[in-house]
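Chemist: Got a structure for you, questions after.
The values are calculated or read from the model by the stated rules, or taken from the named source; none is laboratory data. On a predicted model such as this, the values are computed, not experimentally measured, just so you know. Cβ atoms come from the backbone with ideal geometry, glycine included; neighbour counts cover every protein chain shown. Surface accessibility is based on the protein's heavy atoms, side chains included, excluding ligands, DNA and RNA. Shrake-Rupley method; radii C 1.70, N 1.55, O 1.52, S 1.80 Å.
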Amino acid sequence: MAASRRLLAIADDLSGAAEVAAALHSRTTRSRVLLIGRPGAVNGGVARALRPRHPGEATVLDLDSRYRPATEAAEAVREALRRSSPDENAPDALDTLVLKKIDSLLRGNVAAEIAALAEGGAGVVLAPALPIAGRVVRSGVVHLGGVALHESDAWRAETLPPPASVAYALGGLPTALVPLTTVRASRRTLLIALRTAAAAGRVAICDAETDADLDAVVEAALAEGPRMRLVGSGGLALALGRHLRTTLNAIGAGAAPAATGKRGAPAADAAPAAPPADMAVGAARAAASPASARRPVLVVVGTAEPAAAEQVRRLVEDGAVHHQLPLAELLSGGAPVRLPPLTAPVTVVSLGTPSGAPDPAPPHGAVATDTAPLPSPRPAPETVTPAAAPGPAPNPAPSPTPRPTPGTPPTPASPSIDTADHTEPNRPDGQTGKQPGAVSGRRLVLGLARVIGDAVAAHHGAVDLVLTGGETARHVLDALAVAELDPVGQVHHGAVHLSTPDGRSVVTRPGSFGDPDSLRQIVQALRPHSTEWKVTP
């Protein structure tokens, strides 16, 4: 496939958007992240900002839609598509290649957003596998380390049970399974399967176990042109990045992507852009900058998962100053919580123990590791009505755990934590179903973001940020009025180094992602000599 004039990637949270931007950014493809979608966020000039600054640029949008109501999430996707191609009759209107990033564990408004993506007859190819993290799709079922998603505890922080299959997660949308044998067959065989699904108005759900499988899916899908829309995890974004680099290097090694008109013909006004620096080189230069070396690093951990607590403990062991914020004060609405001045090279901020959870007295400087996880602030489920499609829709495998029906209050993920600040519309009594003393995940994240925003504003000079968790990262950057980010490098899988327009570093990473040394690696990548680093066996 010839290079598109535009590549639009849509993510439902900030850590996902950063992951996609890193996957697509290279010497041949520029990328940037725009933070849009949240009511009241810094969204000025969105329509203008969506237009690419350079031919072939990838624009990655964080719609912040994972925990919004399904109808709002779907409309956010529609609006992003409209704003990226405002004139359907423009010569380049069909040359926008669309990638929708979803969670590899199928969390979020997957059904509603894919339904919006498929409107207008666009074909949709869904491949949620993430091989690098041990997440594969076999017979249309997501597996983690060999265990089916619905038999794992990966959704323990959610209010609903995990879906028994990818098709089940789509809420009744017409689907067609593309098995692994077809994915690994000839390109023509796979292409015919994708075409058949698109012609029937069905979402093609592709099995995949390896990066090579995802490469095959991308190659076949793009053979159909930009009207075939891709949906998947960061694994599919990496496959798309590899495909674009191979294609563009074949056109001319190191050359910027050429703009194209309809049917892949070169556009007359196409102008090559200077290639961006290699991401690894950019990251090294940023870390070595004298100005950056003087800036404090503020690490914000928006989860109380034991894995994250261990990561914090190791960072504290290396000399970081740790502040554990009390949950009651964050939720009280009274006097705001204040952090001390950011005088240490590295400061880490985390949440305290939820009410009702064990609250041991750890040694000075240590972090309690048996806290309960903060759950997803998910609103009440909504029904997705799929568009009509010829032929009967396949019957997805039943979930081993009965899924709540509208009007049934969700079961809290933890006896001490609630997941939303809303009233379920179908409850006759108008109550939320909260348990007494339950903690609202969304209110906590908002309170945490206010504390970080105040601390950064009070500091004289720039502060670099490490933000774990998409919700936490988005709220913090909203509080700091940051609406655009450019990728610099990747510390490790999922931990993406970005830069604000004024040159500050921001590293985003999923909440409890990474091994016990993840935060150590991130901080050392930003400040190689900020603390006396010790070796932990």
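Chemist: If you take the residues in the stretch 23-53 that are open to solvent by less than 10 Å² (accessible area, probe 1.4 Å) and assigned to a helix (DSSP H, G or I), which one is modelled with the lowest pLDDT?
Modeler: Per the stated criteria, the residue is Leu50.
Chemist: Which count do you get for residues in the stretch 443-470 that are crowded, with 23+ Cβ neighbours inside 10 Å, touching a Leu at 6+ places or on another chain (Cβ under 6 Å) and of a type in the set (Gly, Ala, Ser)?
Modeler: 1
Chemist: Select from the stretch 132-170 the residues that are in contact with a Ser or Thr (Cβ under 7 Å, 6 or more places away or on another chain) and either open to solvent by less than 30 Å² (accessible area, probe 1.4 Å) or of a type in the set (Ser, Thr, Tyr) (or both) and list them in ascending order.
Modeler: Of everything in the stretch 132-170, those that are in contact with a Ser or Thr (Cβ under 7 Å, 6 or more places away or on another chain) and either open to solvent by less than 30 Å² (accessible area, probe 1.4 Å) or of a type in the set (Ser, Thr, Tyr) (or both) turn out to be Gly140, Val141, Ala157, Glu158, Thr159, Pro161, Pro163, Ala164, Ala167, Tyr168.
Chemist: Would you be able to tell me the number of residues in the stretch 145-194 that are assigned to a loop (DSSP other than H, G, I, E, B), in contact (Cβ under 8 Å) with a residue 60 or more places away in the chain, of a type in the set (A, V, I, L, M, F, W, C) and farther than 21 Å from Asp103 by Cβ?
Modeler: The qualifying residues number 0.
Chemist: Filter the stretch 481-503 for residues that are touching an Asp or Glu at 6+ places or on another chain (Cβ under 7 Å) and of a type outside the set (Ser, Thr, Tyr); which is surrounded by the most Cβ atoms within 10 Å (Cβ to Cβ)? I'd like the intermediate steps shown before the answer.
Modeler: As a first pass, look at the stretch 481-503 and keep what is touching an Asp or Glu at 6+ places or on another chain (Cβ under 7 Å): 494, 496, 498-499, 501.
Checking the rest, the ones that are also of a type outside the set (Ser, Thr, Tyr) come to 494, 496, 498, 501.
Details: Gly494: 22, Val496: 31, Leu498: 27, Pro501: 10.
The qualifying residue surrounded by the most Cβ atoms within 10 Å (Cβ to Cβ) is Val496.
Chemist: Checking the condition over 23 Å from Ala17 (Cα atoms) and either buried (at least 24 other Cβ atoms within 10 Å of the Cβ) or aliphatic (A, V, I, L, M) (or both), which residue from Leu236, Leu194 passes? Give the derivation first.
Modeler: Working: Leu236 fails: over 23 Å from Ala17 (Cα atoms).
Only one candidate qualifies: Leu194.
Chemist: Arg338 fails exactly one of the following numbered conditions: (1) part of a loop (DSSP other than H, G, I, E, B); (2) in contact with a strand residue (DSSP E or B) (Cβ under 6 Å, 6 or more places away or on another chain). What is the number of that condition?
Modeler: Single failed check for Arg338: (2).
Chemist: Could you list, in sequence order, all residues of the stretch 319-351 that are open to solvent by less than 10 Å² (accessible area, probe 1.4 Å) and either more than 29 Å from the chain's Cα centre (by Cα) or farther than 24 Å from His459 by Cα (or both)?
Modeler: Within the stretch 319-351, no residue meets the criteria.
Chemist: Turning to a different aspect of this structure: Examine the stretch 189-199 for a residue that is within 14 Å of Gly140 (Cβ to Cβ) and in contact with a Lys or Arg (Cβ under 9 Å, 6 or more places away or on another chain), and state whether such a residue exists. If you could, list the steps in order and put the result at the bottom.
Modeler: Of the residues in the stretch 189-199, the ones within 14 Å of Gly140 (Cβ to Cβ) are 193, 197.
Keeping just the survivors that are in contact with a Lys or Arg (Cβ under 9 Å, 6 or more places away or on another chain) gives none.
Checked against the condition, which is being within 14 Å of Gly140 (Cβ to Cβ) and in contact with a Lys or Arg (Cβ under 9 Å, 6 or more places away or on another chain), the stretch 189-199 yields no hits at all.
Chemist: A further question follows. Looking at the stretch 119-142, is at least one residue closer than 28 Å to Leu244 by Cα, without any contact (Cβ under 8 Å) to a residue 24 or more places away in the chain and assigned to a loop (DSSP other than H, G, I, E, B)?
Modeler: Scanning the stretch 119-142, I find at least one residue that is closer than 28 Å to Leu244 by Cα, without any contact (Cβ under 8 Å) to a residue 24 or more places away in the chain and assigned to a loop (DSSP other than H, G, I, E, B), so the answer is yes.
Chemist: Something else: Please tell me if Gly56 is modelled with pLDDT under 70 and under 28 Å from Ala220 (Cα atoms). Walk me through how you get there before you give the answer.
Modeler: Numbers: modelled with pLDDT under 70: yes; under 28 Å from Ala220 (Cα atoms): yes.
For Gly56, the condition - modelled with pLDDT under 70 and under 28 Å from Ala220 (Cα atoms) - is met.
Chemist: If Asp64 satisfies all but one of (1) in a loop (DSSP other than H, G, I, E, B); (2) of a type in the set (D, E, K, R); (3) at pLDDT below 90, what's the number of the condition it fails?
Modeler: Among (1) in a loop (DSSP other than H, G, I, E, B); (2) of a type in the set (D, E, K, R); (3) at pLDDT below 90, the lone unmet condition for Asp64 is (3).
Chemist: Restricting the stretch 102-127 to residues that are within 16 Å of the chain's Cα centre (by Cα) and not hydrophobic (A, V, I, L, M, F, W, C), which is most open to solvent (accessible area, probe 1.4 Å)?
Modeler: Out of the qualifying residues, it is Arg107.
Chemist: Also, I was wondering about something else. Might you let me know whether the stretch 507-528 holds any residue that is of a type in the set (A, V, I, L, M, F, W, C), surrounded by fewer than 23 Cβ atoms within 10 Å (Cβ to Cβ) and modelled with pLDDT under 85?
Modeler: The answer is yes, given that some residue of the stretch 507-528 is of a type in the set (A, V, I, L, M, F, W, C), surrounded by fewer than 23 Cβ atoms within 10 Å (Cβ to Cβ) and modelled with pLDDT under 85.
Chemist: Residue pairs, Cβ under 6 Å, 6 or more apart or interchain, first in the stretch 498-515 and part of a loop (DSSP other than H, G, I, E, B), second surrounded by 23 or more Cβ atoms within 10 Å (Cβ to Cβ). List them.
Modeler: So the pair list comes out as Arg504/Asp464; Pro510/Ser15; Gly511/Thr303; Gly511/Thr468; Gly511/Gly469; Ser512/Thr303; Ser512/Ala308.
Chemist: Kindly indicate whether any position in the stretch 235-253 is in contact with a Gly (Cβ under 8 Å, 6 or more places away or on another chain), assigned to a loop (DSSP other than H, G, I, E, B) and modelled with pLDDT under 95.
Modeler: No, every residue in the stretch 235-253 fails to be in contact with a Gly (Cβ under 8 Å, 6 or more places away or on another chain), assigned to a loop (DSSP other than H, G, I, E, B) and modelled with pLDDT under 95.
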